[in-house]
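Have a look at the structure below before the remarks.
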Amino acid sequence: MKKRWLCLFVENEIGVLARISGLFSGKSYNLDSLTVGVTEDNTVSRMTISLTSDDKTFEQVKKQLGRSVEVIKVVDYTDIPIHMKELMFVRVNHCSDRDIDELFRISRIFHVSVIDYATATVLIESVQTEARNQELIALMEKCYPNRVEVVRGGSVAVEALSVGER
């Protein structure tokens, strides 16, 4: 089993997201992340899909997506250099003044933002790789057990520029 990344360019029409996600659920494939947004062309949306699968299953998924009428292009990002980020919010509850000071220090070290805080709660926003976000969660759960809430959003990815394009 291996972490896989797909980028789909699809027609920006009602029901396309439901049909694409239905393809995965109908085959009992589990998605790790699905993010969709309109491109510079309002008639085209871009889907970034992350899943964990074996080679055979992944090839089957790519073929099925390629046969879908709404799919314009399928790009496999699995084995090429990409830039990937995941949006995550972490709320730490029941904080003392010392906890809040420490959370501000952690936010500087991890290059994340404290976007809101109250007398006993701190809300942190992180736009990092999945691995870096997982490291932050592990630290928070260790330092603030039973006081951490995590909301993870979708991941987005884009091909890295080749050396000649820089």
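Below, the figures for the structure above:
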item	result
Solvent-accessible area, 1.4 Å probe, carbon plus sulfur percent, for the chain	52 percent
Two-site label geometry, His94 and Ile115: point separation in nm, points 7 Å out along Cα→Cβ	2.5 nm
Taking the stretch 2-80 and dividing mean pair separation by its residue count, relative contact order in percent (alpha carbons under 8 Å, at least six apart)	48 percent
Highest-MSF residue in the chain out of Val75, Val151, Val90 [GNM, Cα springs under 10 Å]	Val151
Percent RCO, i.e. relative contact order, over the stretch 20-166, from Cα pairs under 8 Å lying at least 6 residues apart	27 percent
Efficiency of FRET between Ile14 and Lys142 - r from beta-carbon atoms, R0 30 angstrom, step 0.05	0.10
Nearby lysines by direct alpha-carbon distance to Lys73 (threshold 25 angstrom, same-chain neighbours under 8 apart not counted)	Lys2, Lys3, Lys27, Lys56, Lys62, Lys63, Lys85
Accessible area per residue, Å², the chain with all protein chains present, probe 1.4 Å	59 Å²
Cα centre as origin, Lys/Arg/Asp/Glu Cβ charges: the stretch 91-166 dipole, Debye	100 debye
Cβ-based charge dipole, the chain, positive-most Cα from Thr57, Ser96, Ile82	Thr57
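The values are calculated or read from the model by the stated rules, or taken from the named source; none is laboratory data. All figures in this text were calculated on a predicted structure; none of them were measured in a lab. Don't worry about glycine lacking a Cβ; one is built from the backbone with ideal geometry, like all the others, and counts go over all protein chains shown. Ligands, DNA and RNA are excluded from the accessible area calculation, which covers all protein heavy atoms including side chains. Shrake-Rupley method; radii C 1.70, N 1.55, O 1.52, S 1.80 Å.
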